[in-house]
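The values are calculated or read from the model by the stated rules, or taken from the named source; none is laboratory data. Quick caveat, the model's predicted, so the values are computed rather than measured. Cβ coordinates were reconstructed from backbone atoms using ideal geometry, including for glycine residues, and neighbour counts include every protein chain displayed. Remember, those area values only see protein heavy atoms, side chains included, never the ligands or the DNA or RNA. Shrake-Rupley method; radii C 1.70, N 1.55, O 1.52, S 1.80 Å.
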Amino acid sequence: MKQYIDNNGEHVLANEPVLRVDNRAFNYGDALFETIRITNGEAQFVSEHFNRLLSGMKVLKLNPPGAFSEEFLGSVIKNLAQKNSVDKDGRVRITFYRNTGGLFTPSDNDCAYLLSVTSLEEEGYVLNKKGIMAVSYTHLRAHETRNN
């Protein structure tokens, strides 16, 4: 079955190239992304994801696309999920990237988005039965990095 992505409101085949070689996300990491879970055909915690995206855009000084709202986010996810026949469990990834222009310093702060929706094999949430191990490195402090 064909899979599609949403590239700034246009559904294109997932295996078709959509980014230019001078894309700022590719060249400089000038982007942010969010991953959203779909359960029983519904995107989960859209409001929380929307607010986190807005916070990230503010930090990066990205101007959201004109129609970007919580309702818009839910709608584009739902439309693409339907087009890709994701009606049970799935994964959404949305990336906002600054428009092309400028070298290290961008020429403007407008951005575009790329959204994908894919099915997941497992149903529901699967916990890691082994647990996790987290380590915090505290030996390098901010003032030490400024002097090097």
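Points worth noting:
- Anisotropy class assigned to region 95-140 is oblate, per the alpha carbon gyration tensor with a/c at or over the 1.5 cut-off and a/b no larger than b/c.
- Rounded FRET efficiency, nearest 0.05, which uses the C-beta distance separating LEU60 from ASN128 and R0 of 30 Å: 0.45
- Here the peptides 65-72, 11-18, 35-42, 107-114 are ranked by packing, the mean other Cβ count within 10 Å, and the order with the highest first is 107-114, 35-42, 65-72, 11-18.
- Counting protein heavy atoms only, region 54-136 has 54 percent of its accessible area on carbon and sulfur, 1.4 angstrom probe.
- Region 1-27 and region 74-114: distance between their alpha carbon centers, rounded to Å: 9 Å
- With Cα atoms as the point set, region 10-82 shows a radius of gyration and Dmax of 13.8, 38 Å.
- Residue by residue, region 79-86 carries 3J(HN,Hα) couplings of 4, 6, 4, 5, 4, 8, 6, 9 Hz when phi is fed to the Karplus relation 6.51 cos²θ - 1.76 cosθ + 1.60 (θ = phi - 60°); x denotes Gly or Pro.
- Both radii are taken from the alpha-carbon atoms of the chain; with Rh as the Kirkwood radius, Rg/Rh is 1.04.
- When only the Cβ of Lys, Arg, Asp and Glu is charged (+1, +1, -1, -1), the dipole of the chain relative to its Cα centre reaches about 480 debye.
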